[in-house]
């Protein structure tokens, strides 16, 4: 799965660098058919070619031109074909019954089936906002672990409504220090301390989310392949729906599922971000690229 790396508080210049790269990615996605040159991109962003090349390469590990190649449908389809047997192999063993379900929920996701059935009743969720290299996020946690991580694109209210829809009976409490909590949790995970996740979902959804966790970084799977992997080859639409209900963006990598044609398909947090994640992970997976050591997604503190 994608590694999230915590960062110390950013200086204003570092925060500006992240903003520049984010705007560059958006421009490349919006104008991909034109295949803009580095000069075109720098002019559109009102910066110099050298500044843009340096900032972009530091973030993605590749040049803007190379990144643009990872944005294409043809590249996505090639990745998909290359990954055909990966998911099947990774899921040689899966959820086999109620006992395995309970183990998954308690040991890994820290909830019991009964608690899930109560839709969060009796659970207190602490929620707050944090800054990342791919945008602002809303995070929510219980005393047992991280329960929700979603990007905030339109408004805080919309993101909060999304959280409430997943935990309708839970008690919500605002937490001002969510950035610090998330940074600490992810820093521990990076040093091999378990990152505890709290998931509320049906048996079927959990099977799909477990399958998503089995897709390696730099690989893709189709919705059809995913349906076969969870033992429901005729339930492609149901699988797609479960993918769309993933409550933990990036951590459970639903962005690695695309259509068999190579088209991206849907993404709860926006297709531009899905394309950026796939391209960044492709860059990190290059055998000779420095990007291999760089995360596709970082938490950052506000400048």
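Listing for the model above:
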read-out	value
Filter result (within 14 Å of residue 132 (Cβ to Cβ) and either in a helix (DSSP H, G or I) or at pLDDT 80 or above (or both)) within the stretch 3-16	14, 15
Verdict on residue 225 being within 20 Å of residue 78 (Cβ to Cβ), surrounded by 20 or more Cβ atoms within 10 Å (Cβ to Cβ) and touching a helix residue (DSSP H, G or I) at 6+ places or on another chain (Cβ under 9 Å)	yes
Subset of the stretch 215-229 (residues that are assigned to a loop (DSSP other than H, G, I, E, B) and either without any contact (Cβ under 8 Å) to a residue 40 or more places away in the chain or touching a strand residue (DSSP E or B) at 6+ places or on another chain (Cβ under 9 Å) (or both))	215, 220
Qualifying residue in the stretch 165-180 (condition: in contact with a helix residue (DSSP H, G or I) (Cβ under 6 Å, 6 or more places away or on another chain) and either surrounded by fewer than 20 Cβ atoms within 10 Å (Cβ to Cβ) or at pLDDT below 85 (or both))	no
Considering residues of the stretch 181-207 that are part of a loop (DSSP other than H, G, I, E, B) and touching a strand residue (DSSP E or B) at 6+ places or on another chain (Cβ under 6 Å) only, the residue modelled with the lowest pLDDT	196
Selected residue (only one of 87, 91 is within 30 Å of residue 145 (Cβ to Cβ), in contact with a strand residue (DSSP E or B) (Cβ under 6 Å, 6 or more places away or on another chain) and at pLDDT below 70)	87
Counted residues, the stretch 42-60 - those being touching a residue at least 24 places away in the same chain (Cβ under 8 Å) and assigned to a loop (DSSP other than H, G, I, E, B)	2
Scan of the stretch 145-166 for residues that are over 19 Å from residue 255 (Cβ atoms) and touching a strand residue (DSSP E or B) at 6+ places or on another chain (Cβ under 9 Å), ordered by number	145, 147, 156, 160, 163, 164
Which listed residue, of 35, 26, is modelled with pLDDT under 85, on the phi > 0 side of the Ramachandran plot and surrounded by fewer than 16 Cβ atoms within 10 Å (Cβ to Cβ)	35
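One line per residue, one yes/no per condition, for (1) closer than 15 Å to residue 58 by Cα; (2) in a loop (DSSP other than H, G, I, E, B); (3) at pLDDT 80 or above:
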residue: 261; (1), (2), (3): no, yes, yes
residue: 267; (1), (2), (3): no, yes, yes
residue: 272; (1), (2), (3): no, no, no
residue: 277; (1), (2), (3): no, no, yes
residue: 292; (1), (2), (3): yes, no, no
residue: 298; (1), (2), (3): yes, no, no
residue: 302; (1), (2), (3): no, yes, no
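The values are calculated or read from the model by the stated rules, or taken from the named source; none is laboratory data. Keep in mind that this is a model prediction, so the values were computed, not measured. No Cβ is skipped: glycine too gets one built from the backbone with ideal geometry, and neighbour counts run over all protein chains shown.
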